[in-house]
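Novice: Before anything else, here's the structure in question.
The values are calculated or read from the model by the stated rules, or taken from the named source; none is laboratory data. Because the structure is predicted, anything quoted here is derived from the model rather than measured. Note that each Cβ is placed from the backbone with ideal geometry, even for glycine, and that neighbours are counted across all protein chains shown.
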Ligand SMILES: [Zn+2]
């Protein structure tokens, strides 16, 4: 068992291949707890969140942000993860209670829950006027394959993606993690093949992670006899960017009529954050005072 959530990024000495590996069990457990997800929904949500955190580690500037959206035609509905460049992530699944029976023993029906029709979208906000948006059709709804297709078609980077979430019988998260291996332009096919073979000989990434003490040892198995350097190491945390002030400002944008109607119907003003499920309550007076400020 690995004690904490973190990621490691490594590169071979010839700078041909980049490997990023993440352990995210506590994060996915928190996402599960906050959204009360079914077993299969936890796996789908955890895979998307873990992938987004790995991708976020390639953002250049501190204020950059990345959103990974999976809009499948399955009963899960859209799944969205949003991460920053320093290892904070948050995510939601539109239908957290949705679940399906496993088709194979020990394998949750993530592809069926997400759906095979639909698209995967990556939005990178790097402070430019227009954010970068890349979109590909889903391949299998299993997330890893869909992402690999995204990297190839949208970013022209051949990649190997593995994502996994092990859910316990009490629905808690036993292990979660992922790995993205990418070939740099002009990389030697032999090196990539070697690394791919090492990965293919391992058990599933969630099994490997559940049995390892740290990511360093997993990385050593993946790299085999290829010399490499660890180029980044950072903790990962579930952290939302919502807050009282931010949600009060959204409420203050509603018209007086809309606000009055809500207060009349429910007796209060209450907003919950999609990403983390946190509920914020406001008095009508509090919001009206905000409206008066320029
Ligand atoms: Zn939130």
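Novice: Pick out the one residue from 220, 248, 260 that is within 14 Å of the ligand (Cβ to nearest atom) and over 22 Å from the mean Cα position of the chain (by Cα).
Specialist: Numbers: 220 fails: within 14 Å of the ligand (Cβ to nearest atom); 260 fails: within 14 Å of the ligand (Cβ to nearest atom).
Answer to the selection: 248.
Novice: Give me the pairs: first residue in the stretch 78-92 and at positive phi, second residue more than 13 Å from the ligand (Cβ to nearest atom), beta-carbon distance under 6 Å, and six or more apart or on different chains, which are they?
Specialist: 87/234; 87/235; 87/236
Novice: While we're here: Give 113, 152, 147 a once-over and let me know the one that is part of a helix (DSSP H, G or I), within 15 Å of the chain's Cα centre (by Cα) and in the same structural domain as residue 222 (by TED's automatic domain parsing). Before you say what the answer is, go through the steps one by one.
Specialist: Working: 113 fails: within 15 Å of the chain's Cα centre (by Cα); 152 fails: within 15 Å of the chain's Cα centre (by Cα).
Answer to the selection: 147.
Novice: Of the numbered conditions (1) away from the ligand (no atom under 16 Å from the Cβ); (2) within 28 Å of the chain's Cα centre (by Cα); (3) modelled with pLDDT of 90 or more, residue 192 fails exactly one; give the number of that condition.
Specialist: Every condition holds for residue 192 apart from (3).
Novice: Those residues that are out of contact with any strand residue (DSSP E or B) (no Cβ under 9 Å at 6 or more places or on another chain) and on the phi > 0 side of the Ramachandran plot, I need them from the stretch 114-139; list them, please.
Specialist: Listed by number, the list holds a single entry, 127.
Novice: Looking for something assigned to a helix (DSSP H, G or I) and more than 14 Å from the chain's Cα centre (by Cα) - is there at least one such residue anywhere in the stretch 38-45? Please lay out each step first, then the result.
Specialist: We begin by selecting, within the stretch 38-45, every residue assigned to a helix (DSSP H, G or I); these are 39-45.
Checking which are more than 14 Å from the chain's Cα centre (by Cα) leaves us with 39-40.
Scanning the stretch 38-45 turns up at least one residue that is assigned to a helix (DSSP H, G or I) and more than 14 Å from the chain's Cα centre (by Cα).
Novice: Please pick out the residue among 26, 98, 51 that is modelled with pLDDT of 95 or more, in a helix (DSSP H, G or I) and surrounded by fewer than 23 Cβ atoms within 10 Å (Cβ to Cβ). Don't jump to the end; show me each part of the working.
Specialist: Numbers: 98 fails: in a helix (DSSP H, G or I); 51 fails: surrounded by fewer than 23 Cβ atoms within 10 Å (Cβ to Cβ).
Just a single option satisfies the conditions, and that option is 26.
Novice: Let me ask you something else. I'm trying to understand the selection: among the residues of the stretch 200-227, which are surrounded by 17 or more Cβ atoms within 10 Å (Cβ to Cβ) and under 17 Å from residue 144 (Cα atoms)?
Specialist: 205, 206, 208, 209
Novice: Let me ask something else about it. When the residues of the stretch 140-151 are narrowed to those that are touching a strand residue (DSSP E or B) at 6+ places or on another chain (Cβ under 7 Å) and over 12 Å from residue 43 (Cβ atoms), which ends up surrounded by the fewest Cβ atoms within 10 Å (Cβ to Cβ)? Explain how you work it out, then say what you get.
Specialist: First pass over the stretch 140-151, keeping only residues touching a strand residue (DSSP E or B) at 6+ places or on another chain (Cβ under 7 Å): 141, 143-144, 146-151.
Those left that are additionally over 12 Å from residue 43 (Cβ atoms): 146-151.
Details: 146: 26, 147: 28, 148: 21, 149: 18, 150: 26, 151: 21.
Step by step, filter the stretch 140-151, then rank; the result is 149.
Novice: Yes or no: the stretch 204-216 includes at least one residue that is closer than 29 Å to residue 82 by Cα, within 16 Å of the ligand (Cβ to nearest atom) and in contact with a strand residue (DSSP E or B) (Cβ under 6 Å, 6 or more places away or on another chain). Quick ask: steps written out before the conclusion?
Specialist: Going through the stretch 204-216, the residues closer than 29 Å to residue 82 by Cα turn out to be 204-216.
Subset that is within 16 Å of the ligand (Cβ to nearest atom): none.
Within the stretch 204-216, none of the residues are closer than 29 Å to residue 82 by Cα, within 16 Å of the ligand (Cβ to nearest atom) and in contact with a strand residue (DSSP E or B) (Cβ under 6 Å, 6 or more places away or on another chain).
Novice: So is residue 165 in contact with a helix residue (DSSP H, G or I) (Cβ under 9 Å, 6 or more places away or on another chain) and in a helix (DSSP H, G or I) or not?
Specialist: Details: in contact with a helix residue (DSSP H, G or I) (Cβ under 9 Å, 6 or more places away or on another chain): yes; in a helix (DSSP H, G or I): no.
The answer is no for residue 165.
Novice: Can you find even one residue in the stretch 27-49 that is closer than 27 Å to residue 230 by Cα and without any contact (Cβ under 8 Å) to a residue 40 or more places away in the chain?
Specialist: The answer is no, given that none of the residues of the stretch 27-49 is closer than 27 Å to residue 230 by Cα and without any contact (Cβ under 8 Å) to a residue 40 or more places away in the chain.
Novice: Moving on. Just to be sure before I move on: is residue 279 within 16 Å of the ligand (Cβ to nearest atom) and loosely packed, with under 13 Cβ neighbours inside 10 Å in the structure I sent? Write out each step before concluding.
Specialist: Details: within 16 Å of the ligand (Cβ to nearest atom): yes; loosely packed, with under 13 Cβ neighbours inside 10 Å: yes.
For residue 279, the condition - within 16 Å of the ligand (Cβ to nearest atom) and loosely packed, with under 13 Cβ neighbours inside 10 Å - is met.
Novice: Could you tell me whether any residue of the stretch 56-70 is in the same structural domain as residue 190 (by TED's automatic domain parsing), assigned to a helix (DSSP H, G or I) and within 17 Å of the chain's Cα centre (by Cα)? Please lay out each step first, then the result.
Specialist: Of all residues in the stretch 56-70, those in the same structural domain as residue 190 (by TED's automatic domain parsing) come to 56-70.
From what's left, assigned to a helix (DSSP H, G or I): 56.
Still in the list and also within 17 Å of the chain's Cα centre (by Cα): 56.
Checked the stretch 56-70: at least one residue is in the same structural domain as residue 190 (by TED's automatic domain parsing), assigned to a helix (DSSP H, G or I) and within 17 Å of the chain's Cα centre (by Cα).
Novice: Exactly one condition in (1) closer than 21 Å to residue 107 by Cα; (2) in contact (Cβ under 8 Å) with a residue 60 or more places away in the chain; (3) touching a helix residue (DSSP H, G or I) at 6+ places or on another chain (Cβ under 6 Å) is not met by residue 222; state its number.
Specialist: Tallying (1) closer than 21 Å to residue 107 by Cα; (2) in contact (Cβ under 8 Å) with a residue 60 or more places away in the chain; (3) touching a helix residue (DSSP H, G or I) at 6+ places or on another chain (Cβ under 6 Å), residue 222 fails exactly one: (1).
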